[in-house]
Amino acid sequence: LEAYRQAEAIDKNDPFVRAMAENAMRMRMIKKDKMKQQELAAAIKKVVERYRLNQFDPAPVDDPWTSRPTRVAFFDVSESGGLSQRAGFAGLLKDYLARQMGASGRVLVVDSLIVDGVIDALKLDHASFADDDVRLRLSRAMLASLMIKGSVFQQPSGPLCNLKILNAQDARPIDTIDYQFTAGIHLRKDLNQINRHLLTRIMERFPLQAF
């Protein structure tokens, strides 16, 4: 955490550094909060049980006239191509976008700690995620309506990002976003653009309704 704070002091405008510092702070708080640890463990256990039993029935809705935010499962973004100017760029991209989308209040992103906890409990490796059926089953176990996966190709002109929005019930493609970063010159602007594109595409197809 202290290393992130020092880095942030050097460049307060770096969105990745700020996100890492906030994540580190959150983990530190959770380690001190037994109740939160129990809540996370219970949530992970429920998802694991649904996955193993193939039972994906959603919880009953109290108000059928008001739609709830679309639940999204955000999976790892793969990385290929040349050397990245920033280590772990794809992972940082996924974590940042998931956090920003969740903060919007327009969609409900499955907590990354739950996703990671479920993957660890089920002993799934990266090879498992090459299987669409595994991703689909995981998304349904998390009661997600949509899942997002993607890739980043590193090139001299800047990373080329490809994100796919898929239906979590049958893995049917819903939309694809291709975005060319500007070699880190306008990172915050690039990230905000991608986040806006994702939210716009999702809200166009799954608008919130209230009566």
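The values are calculated or read from the model by the stated rules, or taken from the named source; none is laboratory data. As the structure is a computational prediction, the values presented were derived from the model and not from experiment. No Cβ is skipped: glycine too gets one built from the backbone with ideal geometry, and neighbour counts run over all protein chains shown. These accessible areas exclude ligands, DNA and RNA; they are computed on the full protein's heavy atoms, side chains included. Shrake-Rupley method; radii C 1.70, N 1.55, O 1.52, S 1.80 Å.
For the subset of the range 171-188 comprising residues that are open to solvent by 70 Å² or more (accessible area, probe 1.4 Å) and more than 19 Å from the chain's Cα centre (by Cα), which member is modelled with the lowest pLDDT? Lay out the reasoning, then the answer.
The initial filter retains those residues of the range 171-188 that are open to solvent by 70 Å² or more (accessible area, probe 1.4 Å), namely 172-173, 178, 180, 185-186, 188.
Retained after the next criterion (residues that are more than 19 Å from the chain's Cα centre (by Cα)): 180, 185-186.
Values: Q180: 91, I185: 62, H186: 78.
Looking at the filtered set, the residue picked out is I185.
Would you check which residues across the range 99-108 are more than 20 Å from K36 (Cα to Cα) and open to solvent by less than 40 Å² (accessible area, probe 1.4 Å) and list them? First the steps, then the outcome.
In the first step, residues of the range 99-108 are kept if they are more than 20 Å from K36 (Cα to Cα); the result is 100-101, 104-107.
Within the range 99-108, M101, V107 qualify.
Please name all residue pairs, on different chains or six or more residues apart, with Cβ atoms under 7 Å, provided the first residue is in the range 115-141 and is free of Cβ contacts under 8 Å to residues at least 24 places away in the same chain and within 21 Å of R172 (Cβ to Cβ) and the second residue is open to solvent by 20 Å² or more (accessible area, probe 1.4 Å) and outside any helix (DSSP H, G or I).
V134/L124
Starting from residues that are assigned to a helix (DSSP H, G or I) and of a type in the set (G, A, S), keep the ones in the range 131-144 and report whichever is nearest to M203 (Cα to Cα). Talk me through it step by step, then tell me what you get.
So in the range 131-144, the residues assigned to a helix (DSSP H, G or I) come out as 132-141.
Okay, now just the ones that are also of a type in the set (G, A, S), so 139, 141.
Numbers: S139: 19, A141: 23 Å.
Selected residue: S139.
Sort out which residues of the range 41-58 are charged (D, E, K, R) and touching a helix residue (DSSP H, G or I) at 6+ places or on another chain (Cβ under 7 Å), and write them in order of number. Spell out the reasoning first.
Let us first name the residues in the range 41-58 that are charged (D, E, K, R), namely 45-46, 49-50, 52, 57.
If the condition is that a residue be charged (D, E, K, R) and touching a helix residue (DSSP H, G or I) at 6+ places or on another chain (Cβ under 7 Å), then R50 is the only one that fits.
Please specify each residue of the range 109-130 satisfying the condition of being open to solvent by less than 70 Å² (accessible area, probe 1.4 Å) and outside any helix (DSSP H, G or I).
V109, V110, D111, L122, L124, listed by residue number.
Quick check: anything in the range 83-93 open to solvent by 70 Å² or more (accessible area, probe 1.4 Å) and within 24 Å of N23 (Cα to Cα)?
First pass over the range 83-93, keeping only residues open to solvent by 70 Å² or more (accessible area, probe 1.4 Å): 83, 85, 87.
With the extra rule that they be within 24 Å of N23 (Cα to Cα), the set shrinks to 85, 87.
Yes, because at least one residue in the range 83-93 is open to solvent by 70 Å² or more (accessible area, probe 1.4 Å) and within 24 Å of N23 (Cα to Cα).
Any idea which of V72, V61, V17, V77 is open to solvent by less than 80 Å² (accessible area, probe 1.4 Å), modelled with pLDDT under 85, β-branched (V, I, T) and not in a helix (DSSP H, G or I)? Outline the logic, then answer.
Working: V72 fails: modelled with pLDDT under 85; V17 fails: not in a helix (DSSP H, G or I); V77 fails: modelled with pLDDT under 85.
Testing whether each residue is open to solvent by less than 80 Å² (accessible area, probe 1.4 Å), modelled with pLDDT under 85, β-branched (V, I, T) and not in a helix (DSSP H, G or I) leaves just V61.
Which count do you get for residues in the range 145-165 that are surrounded by 23 or more Cβ atoms within 10 Å (Cβ to Cβ) and part of a loop (DSSP other than H, G, I, E, B)?
Residues flagged as surrounded by 23 or more Cβ atoms within 10 Å (Cβ to Cβ) and part of a loop (DSSP other than H, G, I, E, B) within the range 145-165 amount to 1.
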